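Visitor: Below are the structure tokens for one structure; questions will follow.
The values are calculated or read from the model by the stated rules, or taken from the named source; none is laboratory data. All values derive from a computational prediction rather than experimental measurement. With ideal geometry, Cβ positions are generated from the backbone for all residues, glycine too; neighbour counts draw on all protein chains shown. Surface areas here come from the heavy atoms of the whole protein model, side chains and all, with no ligands, DNA or RNA. Shrake-Rupley method; radii C 1.70, N 1.55, O 1.52, S 1.80 Å.
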Amino acid sequence: MKNDLALRAARGEKTERVPVWVMRQAGRYLPEFRETRAEHDFFTICRTPVLACKVTLQPIERFDLDAAIIFSDILVVPQAMGMVVEMLPGKGPHFPEPLNTPDDIGRLNKPVNVSQELGYVFDAITLTRHRLEGRVPLIGFTGAPWTLMSYMIEGGGSTTMSKAKSWLYRYPAESHKLLQLITDVCIDYLVGQMQAGAQMLQVFESHAGILGPGLFAKFSLPYIRQISRGVKEKLSSRKLDTVPMIIFAKDAHFGLEDLSQSGYEVVGLDWTLRPQHARARTGANVTLQGNLDPCALYAPEVELVALVKAMLEKFGTQRYIANLGHGIYPDMDPERVKTLIDAIHSHSEYMNSAK
Ligand SMILES: O=C(O)CCc1c2[nH]c(c1CC(=O)O)Cc1[nH]c(c(CC(=O)O)c1CCC(=O)O)Cc1[nH]c(c(CC(=O)O)c1CCC(=O)O)Cc1[nH]c(c(CCC(=O)O)c1CC(=O)O)C2
């Protein structure tokens, strides 16, 4: 491994500079991705290991990033469970037949043969590990159960998630049943990704905030915990070393203490949290990841550098992986991403040398 900074930061080991990667670092803001995307539809890229590998490596070739993340999407899990998901240009994900009532749970594949349904992701990971040749670690990922359940019921994006949330109030037992089915798939999926070569795993609970503290405690956190425990148990029963895991529960400021004790080495933060408060609330035994407002990439270059320095001063240089507080947007300038990465590296080296 030529650059294991991100893994060392995740494990709480000393780092001479702060590692950085960017959520959605492979994607539409890069002209080379748009070229590939003009020739192939989104899920074809995900399902074709040479294409997924190619776009995963695009940002690594362009920037001095400290990790790669396999090109895929959280919605491949509902597909594996038997649901049809389309990616509509300009509109995003669309499920032509969402789950309308708990009876529809019967339509889902049970049990899911994860290596058969998602083997293409494992193949893409193995190929990408080879092509990376140890330059940087490769991150695998999954959506968390509540976020996936909300897409399966809403059938696409939603600002209120009122259909999915109505299940939690009207059909709590059936909601737990669905969340458990998704959790079982997520565990096998993450174990498979790790066996295929993923060196770190991120769980995206992107729709945590809309739940509020009460529903989060009942319908999100228990499954997030089950996933970290389940993955680690399966790996140790197969005599495999575990890899660091990252939990990113967006807008779940109310759950920060619980998340820091949920069995993940790293807690990802969105930009609405103050770094010093997050440190104080999570303690010394977890690594924090984040949390620059993605829209800071629209700022003039000098302003962006100032924001990066302020962020580093607040997080400190240890037990820290720099990232945006959510994914990069398609209209952002790749040059600003270079500025971001270089500023993180140079300012954190300066901070370490000044000690
Ligand atoms: O609009 C949204 O962000 C949510 C809907 C959406 C999803 N996939 C999608 C779209 C349409 C779109 O991006 O336009 C569809 C999607 N997924 C992705 C892309 C590529 C890109 O952003 O240009 C795209 C655009 C598809 C296209 O080319 O038309 C790839 C993707 N999804 C994801 C990731 C993992 C990551 O963020 O790093 C990654 C990138 C991996 C990499 O860099 O190699 C994960 C993902 N997908 C998704 C979500 C839920 C987000 C939410 O609901 O808040 C999440 C998790 C999250 O970002 O919090 C769902």
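Visitor: Quickly estimate the mean residue ellipticity at 222 nm for the chain, helices only: each DSSP H run with n ≥ 4 gives -39500 (n - 2.57), and the total goes over all residues, rounded to 500.
Guide: -15000 deg cm²/dmol
Visitor: Which length gain, in nm to one decimal place, applies between GLU86 and ASP241 when the Cα-Cα distance is subtracted from 0.36 nm times their residue separation?
Guide: 52.2 nm
Visitor: Also, quick follow-up: Once phi is turned into θ = phi - 60°, what whole-Hz ³J(HN,Hα) does the Karplus curve with 6.51, -1.76 and 1.60 give for every residue of region 95-105, x standing for Gly and Pro?
Guide: 9, x, 10, x, 6, 8, 9, x, 4, 5, 4
Visitor: When Lys and Arg each count +1 and Asp and Glu each count -1, what net charge do the other residues less than 12 Å away from VAL76, Cβ to Cβ, add up to?
Guide: Once positives and negatives cancel, what remains is -1.
Visitor: Test of understanding: in a Gaussian network model of the chain with alpha carbons linked when under 10 Å, which of THR126, THR242, THR147 would top the mean-square fluctuation ranking?
Guide: Maximum among the listed residues: THR242.
Visitor: Also: Given points 7 Å out from each Cα along the Cα-Cβ axis, report the GLN195 to GLU257 separation in nanometres with one decimal.
Guide: It works out to 3.9 nm between the two label points.
Visitor: If we count every other residue with Cβ under 14 angstrom of GLY119's Cβ, Lys/Arg +1 and Asp/Glu -1, where does the sum land?
Guide: So the surrounding residues net to -2.
Visitor: Still on this structure, please answer the following. Within region 241-255, name every residue whose backbone N is under 20 Å away from a label modeled 7 Å from Cα of SER115 along the Cβ vector.
Guide: 241-243
Visitor: Can you tell which of PRO244, PRO213, PRO145 shows the greatest fluctuation in a Gaussian network model of the chain with Cα springs below 10 Å?
Guide: Maximum among the listed residues: PRO213.
Visitor: Let me ask another. Spelling out what I want: for every residue of region 126-138, take phi, set θ = phi - 60°, compute 6.51 cos²θ - 1.76 cosθ + 1.60 (Karplus), and round to whole Hz; glycine and proline get x.
Guide: My calculation for region 126-138 gives 4, 4, 5, 4, 4, 5, 6, 6, x, 4, 9, x, 10 Hz in order.
Visitor: What is the distance in Å between the Cα centroid of region 296-355 and that of region 56-121?
Guide: If you average the Cα positions of each part, the centres end up 30 Å apart.
Visitor: A further question on this structure: Full-extension gain between ARG274 and ARG28, please, as 0.36 nm times their residue separation minus the C-alpha to C-alpha distance.
Guide: 85.6 nm
Visitor: Then there is this: Rounded if a/c is under 1.5, else prolate if a/b beats b/c, else oblate: with a ≥ b ≥ c from the C-alpha gyration tensor eigenvalues square-rooted, which is region 1-112?
Guide: oblate
Visitor: In addition: Tell me the Kirkwood hydrodynamic radius of the chain in angstroms, computed as one over the mean inverse distance between distinct C-alpha pairs.
Guide: The answer is 20.5 Å.
Visitor: Can I ask one more? Take the Cβ-Cβ distance between MET351 and ALA217 as r, set R0 to 35 Å, and report the resulting FRET efficiency rounded to the nearest 0.05.
Guide: 0.40
Visitor: Rounded, prolate or oblate: which fits region 244-355, taking a ≥ b ≥ c as square roots of the Cα gyration tensor eigenvalues, rounded meaning a/c under 1.5, else prolate when a/b beats b/c?
Guide: Because a/c hits 1.5 or more and a/b fails to exceed b/c, region 244-355 counts as oblate.
Visitor: Tell me the carbon and sulfur percent of the accessible area for the chain, rounded to whole percent, probe radius 1.4 Å.
Guide: About 51 percent, which is the carbon plus sulfur part of the accessible surface.
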